[in-house]
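Working notes for the structure below.
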Amino acid sequence: MVAAPSLPKPPASPAVSVVIVAYQSGALLAEAIAGLAAQTFRDFEVILVDNASTDGAPQAVAKAHAGLKLIEAGANLGFAAANNLAARTAKGRWLALLNPDATPEPEWLAELLAAAARHPDARCLTSLQLDAADPTRLDGAGDVMTCAGIPFRGGYRRKRPKALDEGEVFSACGAAMLIDRWVFIDLGGFDERFFCYCEDVDLGYRLRLAGERVRLAPKAVVHHVGSATLGVRSDFALFHGSRNRVWTFVKNTPSAMLWWSAPLHAAVTAGLLLLHLRRRDAGPVVRGIRAALNDLTPVLTQRRAIQAARKTPAVEILRAMALDPVAFLGRRIVIRS
């Protein structure tokens, strides 16, 4: 009987620190760890943050893999704060963030690092995500931002194209991404007030404002279940997604764009609310928008600091966006050469 592959013994100074944040992840977590154990690239450590799960899955995989570092947070810190905690303890030059419901193919890390070497101008890269239930369909090919300030996962649920360019996308999806650890730390990591949802788009927007670029590495593939813990349209997801989308827009939109994009953002938000009314799940959306507007003071404080430090002209930010304000309806893939 052939023994299952195990995680590498973590070197003192690994090239990559793989971070997984787990909360009630169940058997999917073991599949993600098995995918890491099978990686052809071996110069990495694995940091697993347990957000006070009660299913015992983080402890079980830590017991099975001696090379894994388990951080027990003692409470549910959320995706943003837990990743920030791991980044502070990581030793690698690169952070590879991986969701517990995302299983990487064996060449995942090798392909991410190869793409990083080919494109030194991009210190953040995003993976190609396939639907775990149907790998002929995409789960995402980078995140897209419309000119109305509405983000979405490019290509979600669309048929997987025969070929995709190794090009520039607006931002990386936090489910499977690679980022220079010092860039992540210098930008303050994820915004912990977001808790979860849109924190990756917010980070990507801030990266772009700071003069950084994000590229899709289409050969770095993961199979993603998606919202396995919280549910795609759970009240929790709808509340945090609606609130954090407003905060992302207010914080990051350059002033030269804000005067014309704010009415667009409001109009599209209203249209989405009507859609939720038809689906009979508008309650958490309304609460999320209200929470965003009622707590804008710290967001505006952040905005002043972000915009004062901005290095990228507004016109370059606009060029990186989908110019159709409702491009999310077709889940269009937007990759620029």
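The values are calculated or read from the model by the stated rules, or taken from the named source; none is laboratory data. Bear in mind the structure is a predicted one, so any value in this text is a computation, not a measurement. Reconstructed Cβ throughout: ideal geometry from the backbone, glycine too, with neighbour counts over all protein chains shown.
Here is a list: ILE179, ILE289. Which entry is under 30 Å from THR103 (Cα atoms) and at pLDDT 95 or above?
ILE179
Which ones in region 1-46 are surrounded by 17 or more Cβ atoms within 10 Å (Cβ to Cβ) and among the acidic types (Asp, Glu)?
GLU31, GLU45
Do we have LEU178 as of a type in the set (A, V, I, L, M) and either free of Cβ contacts under 8 Å to residues at least 60 places away in the same chain or assigned by TED's automatic domain parsing to the domain that holds ALA266 (or both) here?
It is false that LEU178 is of a type in the set (A, V, I, L, M) and either free of Cβ contacts under 8 Å to residues at least 60 places away in the same chain or assigned by TED's automatic domain parsing to the domain that holds ALA266 (or both).
I'd like the full set of residues that are surrounded by 14 or more Cβ atoms within 10 Å (Cβ to Cβ) and either part of a loop (DSSP other than H, G, I, E, B) or basic (Lys, Arg) (or both), limited to region 61-77.
Within region 61-77, HIS65, GLY67, LYS69, ALA73, ASN76, LEU77 meet the criteria.
Which of the residues belonging to region 291-337 are surrounded by 14 or more Cβ atoms within 10 Å (Cβ to Cβ), basic (Lys, Arg) and in a helix (DSSP H, G or I)?
Listed by number, the list holds a single entry, ARG303.
Check PRO58 against each of (1) farther than 23 Å from GLY188 by Cα; (2) surrounded by fewer than 22 Cβ atoms within 10 Å (Cβ to Cβ); (3) modelled with pLDDT of 95 or more and name the one condition it does not meet.
Of the numbered conditions (1) farther than 23 Å from GLY188 by Cα; (2) surrounded by fewer than 22 Cβ atoms within 10 Å (Cβ to Cβ); (3) modelled with pLDDT of 95 or more, the odd one out for PRO58 is (2).
Quickly run through region 112-125 and pick out the residues that are closer than 19 Å to ASP143 by Cα and in a helix (DSSP H, G or I).
LEU112, ALA115, ALA116, listed by residue number.
Of all residues in region 37-65, how many are in contact (Cβ under 8 Å) with a residue 24 or more places away in the chain, among the aliphatic types (A, V, I, L, M) and under 23 Å from ASN84 (Cα atoms)?
7
Inside region 145-179, can you point out the residues that are surrounded by 17 or more Cβ atoms within 10 Å (Cβ to Cβ), out of contact with any Gly (no Cβ under 6 Å at 6 or more places or on another chain) and outside any loop (DSSP other than H, G, I, E, B)?
Matches in region 145-179: MET145, THR146, PRO151, PHE152, GLU168, ALA176, MET177, LEU178, ILE179.
Every residue in region 192-205 that is touching a residue at least 40 places away in the same chain (Cβ under 8 Å) and crowded, with 22+ Cβ neighbours inside 10 Å, please.
Matches in region 192-205: PHE194, CYS196, TYR197, CYS198, GLU199, ASP200, VAL201, ASP202, GLY204, TYR205.
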